[in-house]
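Enquirer: Got a structure for you, written out below as structure tokens; questions coming shortly.
The values are calculated or read from the model by the stated rules, or taken from the named source; none is laboratory data. Note that the structure is a prediction, hence the values are computed from the model and not measured. Here the Cβ positions follow ideal geometry from the backbone for every residue, glycine too, while neighbour counts run over all protein chains shown. When the accessible area is computed, the model is the full protein with side chains, heavy atoms only, and any ligands, DNA or RNA have been set aside. Shrake-Rupley method; radii C 1.70, N 1.55, O 1.52, S 1.80 Å.
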Amino acid sequence: MADPRSVELVGSLPPTVFIEALHLLSPAHFVVPYRELHHTLHGWGVLMDGVKTLEATFDKFTEDLLTIIQYRSEAGHLPQLAEYTHLLDCAQAMGNGPLVQALWAGMYSNGVTPDAACYNHYMSGLVWDHCYVGKEKYNTRIVPYSYKKRRMPDATPGHRGYGTAAYSTKGSVLDIFSQMSQSGLSGDVQTYINILLAAARVGDAKAAKNTLKAVWNVDVDAIMTKDNSMLPPITPYETWSGLYPNENLLFAVAHVFGTNNDMHAAMRTVDYIASSYDITISARVWSELLERTFTLSKQHKRRQAQDGRKGQVPRDMVREVFHILRTEYNVPATVQMYRFTTQTNKLDGDLEACKRDMREAYDILSQTRIRRREARDTVMKCLQPILDSMRPPANDHGEPISVDDQRQNDVKPDMSLFHCPLLAEAINTYDLLRLELYQQTYQLQRIAYSMIIAKKWNDVSLEAWEFQERPKLLEEWKDFLPERNSYEYTAEEGGTVEFLGKTTSNTRYMSQYGRVHARRVPDGPDLFHPVEPKVLDDRIFWKLLLAEYPQLDPSISPLNRIYTFQIHLSTKLNEKLEKFKTWVDYPDDHPLSQKNSPEVGIYGRIRALGLTQTPHKSVFWNDGNPWCS
């Protein structure tokens, strides 16, 4: 629909048909899956690996939506309530506060009266503003430092989006709720979820507790001090009621109290609401609980140590939550969950527990690889008619046509076959599985590297670790570790062991030979024997397909999603990265000195090297992308 050739078609569609078509561009399909997978990925690592960033995914989706609305408006059909509701839903799913504000202003300028769903999307867009991208997604926890940063009119990178104090998101959301009530509209469960989150964004846990008590008669303070049998009864709602609690409320409660440094209240309240209203605690809610528990179990240094004193929980709580979600609730573990447990066990010096968790995490990756291969086979089945149209079975003499003959005869594919919806759906499924496998490989690489650089463990002696266990880990996780690195040895006389291989910890592919990452069998009869066949990686598979069918254009949609999943860094970007290695010192009286510049350190170096520029039509001002474009 965003294709320029579709201008007349989009403008001529009847309103009901257009709305149905527009709803196919659903955030549940184009936003949420990528948002969830990118949650555990570091933006800089994704950029350096040549994978499409989450900001770029959001920008492309937003651009397509607004282009379609522009085509429609140019034909004389201004957006009405149905269009604005869908656009607001898409914007809030991306955490795009500026877009939500612009759409809301556009509604009033066009004389469109919002309904309850519009109000809910508007409030949601404000409380999740910039919470999914950049450094902001790491700074949702309420600590004095982040609160101070967010109360400034021009927030620095890492603290943009929702505000505090004079720029309080809570105040804005309550004003919207008041306007909604004055319009005669009643709030539903999503409305009060937004109010809960708005209170959490400014650290007002008391207001969040009051909301839970007023709407559902859930007394958090009583839950923390009394047995469930002595608590006042909850407010009864029919299951069809708009105020009946759901999974989103459980997630909001976990997020509200988790980000406000009260994991005990989060756990107890989620369990109480779920049992009282007979709601299943989903994997999404458990993942949030585990992540917040792990965050509050870490011991920080310097400024973070002072900020992190409130709400500190013992590391055993991380293992307890992980055990409960797997055994009592049968929630399948993820590689990210194992990253939390391995880091916790590493801090406790438990090498055997770390090795066990890493191997279980690898099993998850192996299963994902099987699903990706099945999805790739499905894509190939859908592509087969296109490939057959490019390469007829035989020539006039009954002999197969070679690649050279195909190039010479310039055999073109049947373009109409690319419009097959089965092909588009198969590529979409495969693309998501490919990203999921990349995410899991990324996590395992960091788990392995974190373990191998450990200096000591409590369950093995220093000599056993450095001369026995570490060499075994280097063999077992060879594909997930950089080939070029150095390791410090302190036992006996000590020293440094350097590996002078091809790849480093910043290299895109740890395994440079076009094969999948595989765990090796430790203590086996053969060195570096993989636990599963090291077959060709998919990036090599698709290169070979292009070599076999040279007339296949990889830029044609939807095939372009396969060939643009992971791209090589541009020469321009590589040159900037080389410059980035230099260091620039300024005297104290210089505007860019550490004394005078509010953004020192890495941002000062970026400015000094002339790498800052205005992002080109970007919905989000990324922490890395504007100067890396």
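Enquirer: For Leu544, indicate whether it is in the same structural domain as Ala424 (by the TED database), at pLDDT 90 or above and either among the hydroxyl-bearing types (Ser, Thr, Tyr) or surrounded by fewer than 13 Cβ atoms within 10 Å (Cβ to Cβ) (or both).
Expert: yes
Enquirer: In the range 178-204, what residues are assigned to a helix (DSSP H, G or I) and open to solvent by 30 Å² or more (accessible area, probe 1.4 Å)?
Expert: Scanning the range 178-204 gives Ser178, Gln179, Ser181, Gln182, Gln190, Tyr192.
Enquirer: Further question: Return yes when Ala254 is crowded, with 20+ Cβ neighbours inside 10 Å, in contact with a Leu (Cβ under 9 Å, 6 or more places away or on another chain) and in the same structural domain as Trp128 (by the TED database) and no when it is not.
Expert: no
Enquirer: Could you list all residues from the range 329-371 that are open to solvent by 10 Å² or more (accessible area, probe 1.4 Å) and at positive phi?
Expert: Asn330
Enquirer: (1) loosely packed, with under 15 Cβ neighbours inside 10 Å; (2) at pLDDT 95 or above; (3) not aromatic (Phe, Trp, Tyr); (4) not assigned by the TED database to the domain that holds Asp553: which one isn't true of Asp404, the others all being true?
Expert: (2)
Enquirer: Scanning the range 82-116 for residues that are more than 20 Å from the chain's Cα centre (by Cα) and of a type in the set (D, E, K, R), which turns out surrounded by the fewest Cβ atoms within 10 Å (Cβ to Cβ)?
Expert: Only one residue tops the list, namely Asp115.
Enquirer: Can you find, within the range 466-487, the residue that is nearest to Lys455 (Cα to Cα) among those that are among the acidic types (Asp, Glu) and open to solvent by less than 10 Å² (accessible area, probe 1.4 Å)?
Expert: It comes out as Glu466.
Enquirer: Would it be correct to say that Leu25 is touching a helix residue (DSSP H, G or I) at 6+ places or on another chain (Cβ under 8 Å) and either on the phi < 0 side of the Ramachandran plot or in a helix (DSSP H, G or I) (or both)?
Expert: Considered against the rule, which asks whether it is touching a helix residue (DSSP H, G or I) at 6+ places or on another chain (Cβ under 8 Å) and either on the phi < 0 side of the Ramachandran plot or in a helix (DSSP H, G or I) (or both), Leu25 comes out as yes.
Enquirer: Return yes or no: is Thr40 among the hydroxyl-bearing types (Ser, Thr, Tyr) and within 16 Å of Glu20 (Cα to Cα)?
Expert: Criteria not met by Thr40.
Enquirer: Here's something else I'd like to know. For the range 222-339, which fully contained helices (runs of 4 or more DSSP H) count at least 1 residues that are closer than 21 Å to Lys206 by Cα?
Expert: Here the list reads 247-259, 263-276, 283-297, 302-307.
Enquirer: Considering only residues that are aliphatic (A, V, I, L, M) and either within 21 Å of the chain's Cα centre (by Cα) or open to solvent by 10 Å² or more (accessible area, probe 1.4 Å) (or both), look in the range 66-81 and name the one that is farthest from Ile176 (Cα to Cα).
Expert: So, considering only residues that are aliphatic (A, V, I, L, M) and either within 21 Å of the chain's Cα centre (by Cα) or open to solvent by 10 Å² or more (accessible area, probe 1.4 Å) (or both), the one farthest from Ile176 (Cα to Cα) is Ala75.
Enquirer: Give the range 38-55 a look and list any residue that's surrounded by fewer than 18 Cβ atoms within 10 Å (Cβ to Cβ) and either assigned to a helix (DSSP H, G or I) or assigned by the TED database to the domain that holds Leu435 (or both), or say none.
Expert: Residues satisfying the conditions are Trp44, Gly45, Met48.
Enquirer: Name the single residue, out of those in the range 132-145 being in contact with a Ser or Thr (Cβ under 9 Å, 6 or more places away or on another chain) and open to solvent by less than 10 Å² (accessible area, probe 1.4 Å), that is modelled with the highest pLDDT.
Expert: Across the range 132-145, the extreme among qualifying residues is Thr140.
Enquirer: Does Met107 satisfy the criteria of being assigned by the TED database to the domain that holds Asn194 and closer than 27 Å to Leu433 by Cβ?
Expert: Here the answer is no, as Met107 does not meet what is asked.
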